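Report on one structure; see the data block that follows.
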Amino acid sequence: MVQLGASQQHVHPHSIKIPGDITLGGLFPIHARGPHGLPCGELKKEKGIHRMEAMLYALDQINSDPGLLPNITLGARILDTCSRDTYALEQSLTFVQALIQKDTSDIRCSDGESPIIRKPERVVGVIGASASSVSIMVANILRLFEGLPHAVYSRGGKLLTWNGDIVGWWKKYFEELLNPTNMSSVKEAEPEDLEEASSISLAEVAKVAASHQIPQVSYASTAPELSDNNRYDFFSRVVPPDSYQAQTMLDIVKALGWNYVSTLASEGNYGESGVEAFMQISREAGGVCIAQSVKIPREPTAGEFDKIIKRLMETSNARGVIIFANEDDIKRVLEAAKRANLTGHFLFVGSDSWGAKNSPIAELEDVAEGAVTILQKRASIDGFDQYFMSRSLENNRRNIWFNEFWEDDFRCKLTRPGVKLDPDKKKCTGEERIGQDSSYEQEGKVQFVIDAVYAVAYALHSMHQDLCPSSSGVCSNMDPVEGRSLLNYIRAVNFNGSAGTSVLFNENGDAPGRYDIFQFQMTNHSLPGYRVIGQWTNNLRLNVEDMQWSGGLQSVPESICSFPCLPGERKKMVKVYPAAGTVRTSCRPTPIIKLEWNAPWALVPASIALLGILATSAVVITFIRFNDTPIVRASGRELSYVLLTGIFLIYLITFLMIAEPSVLACAFRRLLLGLGMAITYSAMLTKTNRIYRIFEQGKRSVTPPKFISPASQLIITFVLISVQVLGVFVWFAVIPPHTIIDYEELRPPNPDLARGILKCDMSDLSIICCLSYSIILMVTCTVYAVKSRGVPETFNEAKPIGFTMYTTCIIWLAFIPIFFGTAQSTEKMFIQTATLTISMSLSAFVSLGMLYMPKVYVIIFHPEQNVQKRKRSFKATRVSQKSLDEKQNGETKIVPDRSQ
C-alpha cells in the first residue's frame, strides 16, 4: 500500500495548520505588500502577528471550554495575505482545492490493492480578511460553488472537472476577472478538454455545492459594498460598515452647525467608498453642501499635498474637512497645512483610520488641535495580554512566523544551521520577554478577531445541537458541514463578546455601529491627547461643552457657505456688500426668456430647414412637370407624393419649434413633430414591404402577392399614419396643449442671473414618446431593407431605401446621447431644440437625396434615359430570383430572362 496524500493535497509552505475535528480558515496580513516583483514585504507585528495570535488564543479558549462544542476540537488553517488582494486570492484557493477530487479509481498499488488516499482538509468557515479589497476578492472565491453547475464545464447532464490541479485553473480564471461582481458561466468544454475530464452526476454536484459554500466572517473590512447581500451573501463581519461611520460623521457636522464642508480621501477602496457614502447620505439628508471633493493619489508626486491645501483654500469658508485617508496621507496633509501657515484654519473630522492614533500627528499637534475623530468601540482584552506576553520561542512553535516576529521585536538575530550570523546584529538568546524587553500594546482589532472566531464557534454549537442532539462529537449530519446552513446559524448568533458588548448580525451580515468620538486637545490637560467627547450608537450623543478648538477656544468655529446678511445686504456669489438705497422688502419679477430667431441655436436649424424646403419644392415641381414620364411613373407616383409631403412637414416643424410658444403653436408642435416622420417612414415601409413580398412570392409561385396595387399601397400607408394621428388626438384630450414658464432650468446660485423660460408643456419624455412610433416604423423599414438587399438591380428602389434607412438609424443613434447628455446644461432647452430639429432635417435630407435627387438629375440633365423600358412580368421576377439564388450558391450559369 502507498499513501497519495502528498500528491493529493496542495503544499502549504506559508501557512499554519492546527489539527481539529472541524477546521476554520484564517486570513491575516502577516506581511506588508512587497516591493515591485515580490508578493510580500516586511513583517507587520501588530496588524499581522497580534491579530493572528488572537485567533489562536480564541481557539485555545473555545477548545478548553466544556460548555462550547463539547468533544469537538476546532482546528485551523491560517494563511498570510501579504496585504495584497491578488496574492490573497491565490492563497485562499487553498480553502476550495479539496472541493473537486481527481478520479483515482484506475490507480492501483503494485500489489493490485487500491491506494490509501488521505482525506482532504475541509475548511467550513474563514476568519478574515483585514483589508476590504482582500475580503471582496476572497468573498467571490468562497461563494464560488453556489452556482457550481454553471461555473464549470458541463455537457450532457454531467459535471466535468480537471484530472489535474483545479487550483491552478481557477487561479488563472479569477486573476483575469480580478474582482468579479457576478459568477458568469464558463464556455463549453472543447473536445480536447473532454479527453482530460472525469465526470460526476448532477445529483452529486448538488451535494458538493451545498456542502462547499464557505461562510466568511471579517474582523476589520468595513467597505460599504460588502453589505450587498446579493453579491456577497456568504460574507459577514463583526465590525460595522463605513456607511455607519459616514452617518456618524454627518451627524457630528450637523451637531456643530456646519453646512459647508470639503471631503478628502485616499485613493482606493477605503477612502473613496467612505467619502462616497458620506456624500450620498448628506445628499439624502440635506442641509450640508460639499465645497470640494479631493482625492489623494496612490503615488503622490512632489508638491501634491501643497496643491491639495491650495485647492481646499479655494473655498476657504469650508473650514470643515471630512477625511477618509490612511495614516501616511493624514500626516502629509497636516504637514502641508503647516507649510502653508494655515495652522488652526482647517477643522478636521477624521474616520477610524485616524481614530486615536498618535503616529499621524506626531510633531504636528498644533495643526491637529481640535480634530474630531471616531473609532469603533473597543476594549483591551486582558486575557490576550497575558497569553501573548507569555509567548516564547519554546512554547509557540505552531506559529511559523514567530521567529521572524521575535527578531523584529527584540532587534536581534536567531542562529540557524548553516547560516553565518551577521557580526553587526545582536544574537537572540531566547530568554527575551515580550513587554519587558520590548514595548507592547495590544492591537485595536484583537477584540474583533476573537469575536469573529467565537461567532463561528457559537454557530457550529447551535448547528450541532440541532443536527446531532444525541452525539457527543461530529455526527454524519455535519460531515461535511453545509455552508448555507452554517451561514444561517452565523447570522442568528447573539452573544456577549470578549469586551462584554453584544455580537450579532443584521440581514446583510453587518454588525451594529458603535463608535467613540474623540477630539485632540492641547489645553487644560497635563499632556496633549485625545479626549472622549461623545459616542454614536444609532444616534449621536455629543458633549459640545467639552470640546476645545485651536488656541483654547470654547465656541464652535463656523464652516458655512456664507454668513447671514445684515439689514440692507443681499447674498451673491461674491462677498457680501451693502445694497444701495433703503432696505428693500418687495420682490421683483424674474425675467422671462424664449428662443429668439436671431440666436445661433435658431439660425442654424432654420437655415438648414429652409434649404430643405426649397429642395423638396424643387423635387415636387419637377415630378408634377414630368408626371407622365417613365421615371416618375416607375417611382410610384402616389407614394412618392405622400413621401415628399412627409419630408416637407419634417422641415416645417423646425419653424414651429423655434416660434414663440402659444397654445396654437404648442398644438401644431404636438401634431407635426411626429407626423412628418410617420408619413415619410410609413410610405417607405410600404415600399420596402411591397418589394420584399413580391420577391419572396416569386420564390414560390408565379402568382403575384396581394395588395401591391397603388390603391392598396396608399390604403396601407394611411392606416399606418392614422396610428400617429390617433395618438396625438388622445394626447390632446388627456392633456390639452398649453404653455408653461420653467423657473428651475435656469436657477443659478446668483439670483441676478435667474431666468424663467417660456416653453410648451412638452417634457423630454413626451418628445421621445411622440417620436417613438416613427422610430418603430424606421426600425421596421430598416429590417425589410436588410431582407431585400439581394433583389435584382432592376428593382432600383430597394437599395437606395436600404442606404437611406442605414444612414437614418446612424443619425438617430447619435441624436439620443446628445439630446439627453445636455440635461445639466444651462442652455438645455436651446441645445435640445437645435439638436432635435437638425437631426430631423438631416433625416429628411438623406431620404430626399438618396431617393429623389438621382431621379431629378436624370429627368433634367439626361432626358434621353427617361424612356419606356420593357415591362417585367411577375414570372420574370421569379426567374431572376432563381438566377440570383444560383449565383449566390456559387454557380456562374446565367439564366436569361425570356419571359417578356
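The values are calculated or read from the model by the stated rules, or taken from the named source; none is laboratory data. Keep in mind it's a predicted model, so treat the numbers as computed, not measured. Counting neighbours? That spans all protein chains shown, and the Cβs are built from the backbone with ideal geometry, glycine included. For the accessible areas, the whole protein counts, side chains as well, though only heavy atoms, and no ligand, DNA or RNA atoms are used. Shrake-Rupley method; radii C 1.70, N 1.55, O 1.52, S 1.80 Å.
What's the extension gain from S763 to F495 if we count 0.36 nm per residue and subtract their Cα-Cα distance? Could the numbers behind the result be given before it?
On the way: separation 268, 0.36 × 268 = 96.48 nm, distance 5.63 nm.
Taking 0.36 nm per residue and subtracting the Cα distance, the gain is 90.8 nm.
Maximal additional length on extending the E363-E431 stretch stands at 20.9 nm, based on 0.36 nm per residue less the C-alpha distance. Ligands, DNA and RNA left out, the accessible area of segment 434-512 computed with a 1.4 Å probe is 39% carbon and sulfur.
Treating r as the C-beta distance of E272 and K799 and R0 as 45 Å, the FRET efficiency rounds to 0.25. Here the label points at L527 and E696, each 7 Å from Cα along the C-beta direction, are separated by 8.9 nm in the simple model.
Put the Cα centre of segment 610-681 next to the Cα centre of segment 212-288 and the gap is 58 Å.
For segment 229-242, 3J(HN,Hα) computed residue by residue from phi via the Karplus equation (6.51, -1.76, 1.60; θ = phi - 60°) reads 6, 7, 8, 10, 6, 9, 9, 9, 8, 8, 10, x, x, 5 Hz, glycine and proline entered as x.
Assuming R0 = 35 Å, can you tell me the calculated FRET efficiency for the pair E284 and E827, based on Cβ-Cβ distance, to the nearest 0.05? My answer for the efficiency is 0.75. The apolar share of the surface of segment 296-353, taken as the fraction of accessible area on carbon and sulfur atoms (1.4 Å probe, ligands and nucleic acids excluded), comes to 45 percent. The label point for N538 and the one for K307, both projected 7 Å from the Cα toward the Cβ, are 4.6 nm apart. Given R0 = 51 Å, the distance between the Cβ atoms of A599 and D628 translates into a calculated FRET efficiency of 0.65. Take segment 324-475 with all the other protein chains still there, run a 1.4 Å probe, and you get 47 Å² of accessible area per residue. First compute the accessible area of segment 603-750 with a 1.4 Å probe, then give the percent of it belonging to carbon and sulfur atoms. For segment 603-750, the apolar C and S fraction of the accessible surface comes to 72 percent. Surface exposure of segment 492-555, expressed per residue as accessible area with a 1.4 Å probe, stands at 50 Å². The modelled label-to-label distance for the pair I715/S392, using points 7 Å beyond Cα in the direction of Cβ, is 10.7 nm. Scoring 836-848, 648-660 by mean Cβ neighbours within 10 Å over their residues and listing the highest first yields 836-848, 648-660.
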